[in-house]
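S.K.: Okay, here's the structure, questions in a sec.
The values are calculated or read from the model by the stated rules, or taken from the named source; none is laboratory data. The model shown is predicted, which means the values in this text are computed figures rather than measured ones. Positions of Cβ are backbone-derived with ideal geometry, glycine not excepted, and every protein chain shown enters the neighbour counts. These accessible areas exclude ligands, DNA and RNA; they are computed on the full protein's heavy atoms, side chains included. Shrake-Rupley method; radii C 1.70, N 1.55, O 1.52, S 1.80 Å.
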Amino acid sequence: MISGLAQRIGRLTLFFLREVGTHVLLLARAATAGGYLLRRRHLLIEQMHKIGVRSLPLVTIVSLFTGAVASWQAAYQFRGLISFDYLGAAVSAAILIELSPVLTGLVVAGRVGASIAAELGTMRVTEQIDALETLAIDPVHYLAAPRILAGFIMMPALVIYSNLVAHAGGYLVAYSMLDVSTAAFFGSARRYFLVHNVVAGLLKAFFFGGGTALIGCSIGFRTAGGAEGVGASTIRAFVYSSAFILVMDYILATLLF
Amino acid sequence: MITIHDVHKRFGEKRVLEGVSLTIPEGKTAVIVGCSGCGKTVLLRSIIGLVSPDSGSIRVGEDEVVGAERRDLFRIRRRFGMLFQGAALFDSLTVAENIGLALREHTRLSRQEIRNRVREKLEVVGLSGIEDRKPAELSGGMRKRVGLARALIMDPRYVLFDEPTTGLDPVMSDAINRLIIGTQRRLGITAIVVTHDMTSAFGIGDKIAMISDGRIVFEGTPEAFRTSALPAVKQFVRGGLDG
Ligand SMILES: Nc1ncnc2c1ncn2[C@@H]1O[C@H](COP(=O)(O)OP(=O)(O)OP(=O)(O)O)[C@@H](O)[C@H]1O
Ligand SMILES: [Mg+2]
């Protein structure tokens, strides 16, 4: 009983370490693609477009409602305790530090992480990755590096955008439903604004974006077993990158605040 | 020259290659035949380093493929072209981009120059004016020919063909066979062709090798293959020419 449990814990630990190891190894190999990506910029630009621009509609909706809910819930907790004059500050800090990076991270993990895994997984099972190898083109440079770099770059950009939209959402609810004036909302947000919060949020986004793309690539490359395998990889990429984001969020929170 | 010596490969419990040895002289074409599932594709993939054999040696010119570093493998692969059994075209790229990709990656040729060379190669395989189509819009036989053009675009010294004529009509098969012979003569390439099509095997092979139970059970000229007394070979020749 006890030894069975110990065995399971041991196996899980080994599995975890091996997983992390393959991802880190892929990252190290992709990092050697710097010169290559300079020459083949369009590969990077294409991925930045896919990961960044094409995520805008989803990020817009999520951010707008996140801001709105943040306002409404903060008001619920403030009622009878704290003046609504502080609503703007509370909502703004929550958006910048936590809500925008994590929620944008999670929806992008669902959209981008899963689609990278599905795309590369399909290429693996249909021998397209082997075909690249036979053409003496390194799949890590050609496929993984642009996606991972685009993830690192575009996620902070998306989070900046998300910050703006979420503030708008929070303000709209505060103004139209909670009778908080424009001046009160943005005044308090500005009074308690800290550059540190913004930077911390963007730093989170940087790791979330790179990590999500890395996990998608790594899992895509290791896909086996036809269409069924591709489906399994897609789900796994989403689960792993979501877990990565939440754990990483906690680690960064303890380091940054 | 490609020298394969005592190559073993198993997947889990399944032994696929059990001591394959075969030599393909420079500038010659070797045809590999054998029943479905006997390991022909695995052997081709081993030669170009997509599969790493458990033991044995595969030498391409002076270079050893088995156990080679990744960087060396990429260097060796530059001398190769490979046509996959299922063509393995990049489905996010157009036909022209598929064929021209290696030129784009490995040379400094201009877009226009690449476009010209791609058009040339497409004409060679009997396809013109389909540059901007996506692989999904092509028939199986067309995909195969695009794969062939992609394999030949860098004018490689060694070419591996995995069933180049399967799925083509007899006229097209014949054209592809002549194309393989023609390229082989003109460029002096060393070719390995896996096929089930005995007519093409006899037509293009300088040498025929047959795999059975993980080993080469016959190796010799097409003439010797045709007249071999080995039961396995006899059956293959008869079945192949009848069907
Ligand atoms: N990656 C792999 N994992 C497990 N088994 C494999 C793998 N690749 C090939 N095999 C097995 O190796 C054997 C030989 O396969 P291979 O594709 O070389 O056959 P083949 O001679 O090319 O057949 P065909 O003429 O039908 O193409 C098969 O039994 C196959 O199941
Ligand atoms: Mg095969």
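S.K.: Only one residue in B:ILE153, B:ILE176 is within 14 Å of chain A (Cβ to nearest Cβ) and more than 15 Å from ligand 1 (Cβ to nearest atom). Which one?
M.R.: Details: B:ILE176 fails: within 14 Å of chain A (Cβ to nearest Cβ).
Result of the check over B:ILE153, B:ILE176: B:ILE153.
S.K.: Still on this structure, I have one more. Kindly state which helices (runs of 4 or more DSSP H) lie completely within segment A:153-257 and contain at least 3 residues that are surrounded by 22 or more Cβ atoms within 10 Å (Cβ to Cβ).
M.R.: Working: elements: A:182-191, A:195-221, A:226-256.
Hits in segment A:153-257: A:195-221, A:226-256.
S.K.: Given the structure, is A:VAL140 within 14 Å of chain B (Cβ to nearest Cβ), among the β-branched types (Val, Ile, Thr) and in contact with a Lys or Arg (Cβ under 6 Å, 6 or more places away or on another chain)?
M.R.: Details: within 14 Å of chain B (Cβ to nearest Cβ): yes; among the β-branched types (Val, Ile, Thr): yes; in contact with a Lys or Arg (Cβ under 6 Å, 6 or more places away or on another chain): yes.
Yes: the conditions hold for A:VAL140.
S.K.: I need the helices (runs of 4 or more DSSP H) fully contained in segment A:46-111, keeping only those with at least 1 residues that are open to solvent by 40 Å² or more (accessible area, probe 1.4 Å) and closer than 23 Å to A:VAL239 by Cα.
M.R.: Once the helices (runs of 4 or more DSSP H) in segment A:46-111 are filtered for at least 1 residues that are open to solvent by 40 Å² or more (accessible area, probe 1.4 Å) and closer than 23 Å to A:VAL239 by Cα, what remains is A:56-78, A:100-108.
S.K.: Can I ask one more? Just checking, which of B:ARG71, B:ARG45, B:ARG59, B:ARG77 is at pLDDT below 95 and closer than 19 Å to A:GLU133 by Cα?
M.R.: Only one candidate passes the filter, namely B:ARG71.
S.K.: Pick from segment B:182-198 the residues that are away from ligand 2 (no atom under 16 Å from the Cβ) and closer than 18 Å to B:LEU168 by Cβ: which of them is modelled with the highest pLDDT? I'd like the intermediate steps shown before the answer.
M.R.: Initially, segment B:182-198 is screened for residues away from ligand 2 (no atom under 16 Å from the Cβ), giving B:182-191, B:198.
This time we only want the ones that are closer than 18 Å to B:LEU168 by Cβ, so: B:182-183, B:191, B:198.
Working: B:GLY182: 85, B:THR183: 83, B:ALA191: 94, B:MET198: 88.
Taking the candidates together, the pick is B:ALA191.
S.K.: Still on this structure, I have one more. Here is a list of conditions, (1) in contact with a strand residue (DSSP E or B) (Cβ under 9 Å, 6 or more places away or on another chain); (2) without any contact (Cβ under 8 Å) to a residue 60 or more places away in the chain; (3) charged (D, E, K, R); (4) under 21 Å from B:LEU152 (Cα atoms), and B:ARG59 meets all of them except one; can you say which number that is?
M.R.: Unmet for B:ARG59, out of (1) in contact with a strand residue (DSSP E or B) (Cβ under 9 Å, 6 or more places away or on another chain); (2) without any contact (Cβ under 8 Å) to a residue 60 or more places away in the chain; (3) charged (D, E, K, R); (4) under 21 Å from B:LEU152 (Cα atoms): (4).
S.K.: Here is a further query. Would you point out which residue out of A:ALA205, A:ALA213, A:ALA224 is touching a Lys or Arg at 6+ places or on another chain (Cβ under 6 Å) and modelled with pLDDT of 95 or more?
M.R.: Details: A:ALA205 fails: touching a Lys or Arg at 6+ places or on another chain (Cβ under 6 Å); A:ALA224 fails: touching a Lys or Arg at 6+ places or on another chain (Cβ under 6 Å).
The conditions single out A:ALA213.
S.K.: Now a separate question. Mind telling me which of the residues B:ALA201, B:ALA209 ends up being within 16 Å of ligand 2 (Cβ to nearest atom), modelled with pLDDT of 95 or more and farther than 20 Å from B:VAL146 by Cα?
M.R.: Numbers: B:ALA201 fails: modelled with pLDDT of 95 or more.
Of B:ALA201, B:ALA209, the one residue that is within 16 Å of ligand 2 (Cβ to nearest atom), modelled with pLDDT of 95 or more and farther than 20 Å from B:VAL146 by Cα is B:ALA209.
S.K.: Given the options B:GLY34, B:GLY39, B:GLY12, B:GLY27, name the one that is more than 13 Å from ligand 1 (Cβ to nearest atom) and farther than 21 Å from B:LEU73 by Cα. Working first, answer last.
M.R.: Numbers: B:GLY34 fails: more than 13 Å from ligand 1 (Cβ to nearest atom); B:GLY39 fails: more than 13 Å from ligand 1 (Cβ to nearest atom); B:GLY12 fails: more than 13 Å from ligand 1 (Cβ to nearest atom).
When all the criteria are applied, what remains is B:GLY27.
S.K.: Further, regarding this structure: Could you tell me whether B:LEU44 is within 10 Å of ligand 1 (Cβ to nearest atom) and either closer than 19 Å to B:VAL217 by Cα or in contact (Cβ under 8 Å) with a residue 60 or more places away in the chain (or both)? Please lay out each step first, then the result.
M.R.: Values: within 10 Å of ligand 1 (Cβ to nearest atom): yes; either closer than 19 Å to B:VAL217 by Cα or in contact (Cβ under 8 Å) with a residue 60 or more places away in the chain (or both): yes.
It is true that B:LEU44 is within 10 Å of ligand 1 (Cβ to nearest atom) and either closer than 19 Å to B:VAL217 by Cα or in contact (Cβ under 8 Å) with a residue 60 or more places away in the chain (or both).
S.K.: Check A:GLY110, A:GLY67 and return the single one that is farther than 17 Å from A:ALA168 by Cβ and either away from every other protein chain (no Cβ under 14 Å) or in contact (Cβ under 8 Å) with a residue 40 or more places away in the chain (or both).
M.R.: That would be A:GLY110, the only listed residue that is farther than 17 Å from A:ALA168 by Cβ and either away from every other protein chain (no Cβ under 14 Å) or in contact (Cβ under 8 Å) with a residue 40 or more places away in the chain (or both).
S.K.: Let me ask something else about it. When you scan segment B:92-113, how many residues do you find that are loosely packed, with under 13 Cβ neighbours inside 10 Å and assigned to a helix (DSSP H, G or I)?
M.R.: Total satisfying the criteria: 2.
S.K.: Looking only at segment B:34-87, count how many residues are away from ligand 2 (no atom under 16 Å from the Cβ) and either within 9 Å of another protein chain (Cβ to nearest Cβ) or assigned to a loop (DSSP other than H, G, I, E, B) (or both).
M.R.: If we filter segment B:34-87 for residues that are away from ligand 2 (no atom under 16 Å from the Cβ), which is where we start, we get B:49, B:52-81.
Okay, now just the ones that are also either within 9 Å of another protein chain (Cβ to nearest Cβ) or assigned to a loop (DSSP other than H, G, I, E, B) (or both), so B:49, B:52-54, B:61-62, B:65-70, B:73-81.
Residues that pass the stated criteria total 21.
S.K.: Additional query: Considering segment B:7-41 alone, what residues qualify as being buried (at least 22 other Cβ atoms within 10 Å of the Cβ) and free of Cβ contacts under 8 Å to residues at least 60 places away in the same chain?
M.R.: Of everything in segment B:7-41, those that are buried (at least 22 other Cβ atoms within 10 Å of the Cβ) and free of Cβ contacts under 8 Å to residues at least 60 places away in the same chain turn out to be B:VAL7, B:LYS9.
S.K.: Tell me, which strands (runs of 3 or more DSSP E) wholly within segment B:190-238 include 3 or more residues that are open to solvent by 20 Å² or more (accessible area, probe 1.4 Å)?
M.R.: Details: elements: B:190-194, B:207-212, B:215-220.
Answer list for segment B:190-238: B:215-220.
For (1) within 16 Å of ligand 1 (Cβ to nearest atom); (2) within 18 Å of the chain's Cα centre (by Cα); (3) under 20 Å from B:ILE47 (Cα atoms), each residue gets a yes or a no:
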position: B:GLU163; (1), (2), (3): yes, yes, yes
position: B:ILE180; (1), (2), (3): no, yes, yes
position: B:ILE189; (1), (2), (3): no, yes, yes
position: B:VAL194; (1), (2), (3): yes, yes, yes
position: B:GLY205; (1), (2), (3): no, yes, yes
position: B:MET210; (1), (2), (3): yes, yes, yes
position: B:ALA229; (1), (2), (3): no, no, no
